[in-house]
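Below is one structure, written out as structure tokens; the observations come after it.
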Amino acid sequence: MSRSGAPTVEADGSGMRVAVVAASWHTVVMDGLLDGARRALAEAGVTEVDEVRVPGSFELPVAAARLARTGRYDALVALGVVVRGGTPHFDYVCSAATDGLTTVSVTTGIPVGFGVLTCDDEQQALDRAGLPGSQEDKGHEAAGGAVAPAG
């Protein structure tokens, strides 16, 4: 289910502890992203995984920062979905999530796998969610991307 040109990331996550922070909006898409992340972590040999749910993508950086500060995690995975609407809300939420998660990773040194879908419509999100019929599996990619630099 990888797209042409996407790298194959292989990581040894044995002995690692990873937290997955996931938004709650867009249940079907989020279920796909979470399943993909779980698969990638299992494939990498990560056995200690904690999952934390937050209301939406805007809240991902706060939760990730709190988890990073505990010192218990070797990597974090952030999963969310933002679908464009008729107001600037999309731009603000996308920017806040991206900037916030980047700041968490840079200031703590803990890799944060970025699995926040920023889509023009629901179909784009479904196509990237790792569901049957999806073209991509962004949850899997985000989890693999988080474990690779930490492992």
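The values are calculated or read from the model by the stated rules, or taken from the named source; none is laboratory data. These figures come from a predicted structure and were not determined experimentally. Every residue, glycine among them, receives a Cβ derived from its backbone with ideal geometry; neighbour counts consider all protein chains shown. Accessible surface areas use protein heavy atoms only, side chains included; no ligands, DNA or RNA. Shrake-Rupley method; radii C 1.70, N 1.55, O 1.52, S 1.80 Å.
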Quick note, region 1-145: a/c under 1.5 would make it rounded; otherwise a/b > b/c is prolate and the rest oblate (a ≥ b ≥ c, C-alpha gyration tensor); here it is oblate
Given trypsin sites (Lys or Arg not before Pro), DSSP loops and at most 13 other Cβ atoms within 10 Å, the longest exposed-site-free stretch of the chain is 73-151
Summing -39500 (n - 2.57) over every DSSP H run of at least 4 residues in the chain and dividing by its residue count gives a helix-only mean residue ellipticity at 222 nm, to the nearest 500 deg cm²/dmol, of -14000 deg cm²/dmol
Checked region 76-151 against the a/c 1.5 cut and the a/b vs b/c comparison, axes a ≥ b ≥ c from its Cα gyration tensor; verdict oblate
Expected unfolding gain across THR47-ARG72 under the 0.36 nm per residue rule, minus the alpha-carbon gap, is 7.6 nm
Projected onto the charge dipole of region 25-112 (unit charges on the beta-carbon of Lys, Arg, Asp and Glu, signs +1, +1, -1, -1), the Cα from GLY32, LEU76, PRO55 with the largest positive-side position is that of PRO55
Quick calc, ASP120 & SER95: beta-carbon distance into FRET formula, R0 22 Å, rounding 0.05, result 0.85
Taking every DSSP bridge whose two residues both lie in the chain, the antiparallel percent to the nearest 5 is 5 percent
If every Lys and Arg gets +1 and every Asp and Glu gets -1 at its Cβ, then about the Cα centre region 1-85 yields a dipole, in debye to the nearest 20, of 300 debye
Taking a ≥ b ≥ c as the square roots of the eigenvalues of the Cα gyration tensor, with a/c under 1.5 meaning rounded and otherwise prolate when a/b exceeds b/c and oblate if not, region 91-130 is oblate
Sorted by chain and number, the residues with a modelled amide H under 5 Å from that of GLU51, at a separation of 5 or more or across chains, are VAL20
Reduced to Cα centres, the span from region 107-151 to region 51-76 in Å works out to 15 Å
About its Cα centre, the chain carries a charge dipole, from +1 on Lys and Arg Cβ atoms and -1 on Asp and Glu Cβ atoms, whose size in debye to the nearest 20 is 360 debye
Taking a probe of 1.4 Å and leaving out DNA, RNA and ligands, the chain shows per residue an accessible area in Å² of 50 Å²
Sequence order, region 10-17: Karplus ³J(HN,Hα) from phi using 6.51 cos²θ - 1.76 cosθ + 1.60, θ = phi - 60°, Hz rounded, Gly and Pro as x, gives 10, 9, 9, x, 4, x, 8, 10
Counting only protein heavy atoms with a 1.4 Å probe and every protein chain in place, the carbon and sulfur fraction of the accessible surface of the chain in whole percent equals 51 percent
For MET16, other-chain or 5+-apart residues with amide H closer than 5 Å (H placed, Pro excluded) are THR47
